[in-house]
Amino acid sequence: MTITVRRLLALADWAGNVEVTGGRGGLDRAVRRVHPILDLGARHEIVDGELAVLVEPVAVADWRVDALLRRIADAGGAGLLLIGGPLAASCLLADRLRVPLLSTPAEPLALLVSARLLLAAPDLDRAELVLATHAELDDRLRAPEEIVGVLRGLLRASVALLDDRGTPVAGDPLDAGPVRVDEPVPQRCAWAGWELLAHPVLLPRSARPALWLVAGIRGDGAAWADTVAPALAIAASAAARWLLVHRVESERDARYRTALLGDVLRVAGEPSADLRRRAADAGWRLGGWHVGIRIGVPPSTDVLAREPDVVRVLRGAGVDAVVVGHGDGWTGWATFDVEPSAERVRATAAGLRDAHRELRRTLTAHLGVGRPRPSHEGLARTVAEAADAATLAATRPESGYFLHVDQLGMAQLLLEWTRTDTFEPAARTLLAPLQEETGDLVRTLSAYLDAESSLAAAAAVLGVHRNTVAARVARIERLLQIDLARADDRLALQLACRAVTLSDDQGRPGAPAHGWPPAGGPW
């Protein structure tokens with residue numbers, strides 16, 4: 001193993017005690033021996049790879065420092081370490097010669113000893129770090145925050161624990177941009193001024209890492225990276241052990257909550273005392289008014305692992321709801337003490353729409369919302385409504401894959417009329433000027449009208465800037481020669497858009513048959 005000046009600077013005794021005052025361009029010079037110089041005036045023969053250490057302070061303006069620097073450069077030496085700050089001219093000379101000029105504020109004998117130990121046994125510090133990591137992360141179960149804290153102290157580095165999308169879940173806010181979270185192999189790369197080392201946290205029978213341990217080292221400490229890697233591997237095993245235990249507990253709790261949910265939704269008449277007690281133990285309220293929520297996801301989604309994300313996003317959107325993993329998604333509800341006003345229901349639906357948009361950044365999800373219903377009987381009804389709405393939402397990109405039952409009702413009856421043989425041709429004729437233009441104007445118009453003429457909401461559904469939507473809406477008004485401020489024009493166009501898009505979707509292979517309510521559901 002080649003020991004460089006940069007590697008010496010990463011030693012525990014050297015880090016923070018030695019400053020590079022000149023010759024930074026030569027930090028990768030190989031160090032083959034570290035030799036003390038007791039008298040600057042005595043003739044000392046410099047050898048290849050020698051780091052000279054002046055053990056006595058010298059005058060700041062002593063010309064012999066410059067002479068020694070030139071001799072080190074001529075002989076292929078590794079550099080010079082002295083006590084105190086050298087003259088600026090010496091620093092400039094070191095830069096020109098690319099000979100590292102190092103300074104320390106105190107007696108350098110301890111530095112000399114630690115450097116010689118590294119040269120004599122280059123793997124010694126790595127072995128010591130491995131033993132220290134084993135000792136700190138013993139068989140006792142450690143939470144992720146504890147693991148990160150232990151590593152931060154041992155490695156003298158920024159440490160973060162990332163999830164399988166590269167988002168920090170514990171530790172420092174470390175940007176690990178180039179870490180390839182889908183490749184289960186240790187990685188090392190330079191990124192934004194950091195030397196990053198990443199080690200996967202793998203679970204049995206899993207090809208994709210559940211978590212990543214990442215250490216970030218700045219500046220001259222990057223030479224410490226080779227020593228850090230084995231400690232990361234040990235810590236990754238500790239993190240995997242915690243994940244396995246936590247997973248077992250989470251699965252047990254999820255099975256209990258799913259069984260309890262089924263009992264609550266199937267109860268006929270008054271719930272038994274045992275059911276009420278179990279619901280209270282779970283923190284569920286059977287009284288009051290409830291608004292059902294159903295979030296559907298693809299079958300490949302790890303519902304249990306993603307449930308904390310769902311809860312966090314809902315709370316971030318101001319929705320305090322019970323969430324239970326069930327089938328391909330989550331069933332939940334928000335509970336109110338008294339019957340919620342129409343404004344409060346709309347505010348809750350708006351919060352759920354915001355949460356759904358946030359979830360769709362990392363998750364293919366569709367969401368349905370039920371009507372407010374009272375007591376435990378109403379809970380079952382609003383959850384069933386939410387499940388029906390979610391099933392419909394899965395086939396409606398124009399609504400952003402989000403539907404609130406209160407927004408269906410009469411509109412759904414009108415849509416039955418739009419599916420007649422006479423309406424669809426008229427709708428296509430009405431929208432023909434838009435279909436001949438670029439910019440997906442029909443979908444833009446549909447999203448804009450479904451979003452109650454909100455530019456911001458339509459832009460979020462379409463994934464474009466609100467100014468783009470505004471420009472498209474202006475084009476639509478010019479092409480169709482209509483005024484979207486008029487309620488009659490909006491209604492006619494909304495029905496026309498729905499008729500055309502539903503007909504087009506129906507014609508696609510594998511498209512679901514139109515009919516409402518849908519057959520089946522999660523129950």
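Figures for the structure shown
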item	result
Highest to lowest packing among 131-141, 446-456, 470-480, scored as the average C-beta count within 10 Å	446-456, 470-480, 131-141
Relative contact order of the range 232-347, defined on C-alpha pairs under 8 angstrom at six or more residues apart (%)	27
Per-residue Cβ neighbour rank within 10 angstrom, fewest leading, H366, H465	H465, H366
Dipole magnitude of the chain about its Cα centre (Cβ charges: Lys, Arg +1; Asp, Glu -1), debye to nearest 20	260
Distance from the range 133-170 to the range 74-111 (C-alpha centre basis), Å	37
Extension reserve of the T301-R152 stretch, reckoned as 0.36 nm per residue once the Cα distance is removed	50.4 nm
Difference of contour (0.36 nm per residue) and Cα-Cα distance, R188 to A30	54.7 nm
Semi-axes of the equivalent ellipsoid for the chain, Cα gyration tensor, largest first, Å	67, 31, 17
Electrostatic dipole magnitude of the range 273-358 [Cβ: Lys, Arg +1; Asp, Glu -1; Cα centre; debye, to 20]	100
Calculated from backbone phi, Karplus (6.51, -1.76, 1.60) coupling profile of the range 212-218 in Hz, x at Gly/Pro	10, 9, 10, 10, x, 10, 9
Selected from V113, V185, L196, residue furthest toward positive end of dipole (the range 100-211; charges at beta carbon)	V185
Sorted by Cβ neighbour density within 10 Å, fewest at the top, the residues L203, L445	L203, L445
R266-R312 pseudo-label distance in nm [points 7 Å out on the Cα-to-Cβ vector]	3.5
Inter-site label distance for A61 and H134 at 7 Å from Cα along Cβ, in nm	5.8
Positive-pole candidate from V461, G84, A225, dipole of the chain, charges at beta carbon	V461
Pairwise label distance in nanometres, A282 with A89, each label 7 Å out on the Cα-Cβ vector	8.3
Residue-span extension gain [A12 to N467] - 0.36 nm each, minus C-alpha spacing	158.3 nm
Helix 303-316 vs. the chain, principal-axis angle (Cα, 0 to 90°, nearest 10)	80
Listed residues P425, A347, P100: farthest to the positive end of the dipole of the chain (Cβ charges)	P425
Sorted by Cβ neighbour density within 10 Å, fewest at the top, the residues R357, R294	R357, R294
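We did not get these values from a lab; they are worked out from the coordinates using the rules stated. Bear in mind the structure is a predicted one, so any value in this text is a computation, not a measurement. All Cβ positions, even for glycine, are placed from backbone atoms using ideal geometry, and neighbour counts span all protein chains on display.
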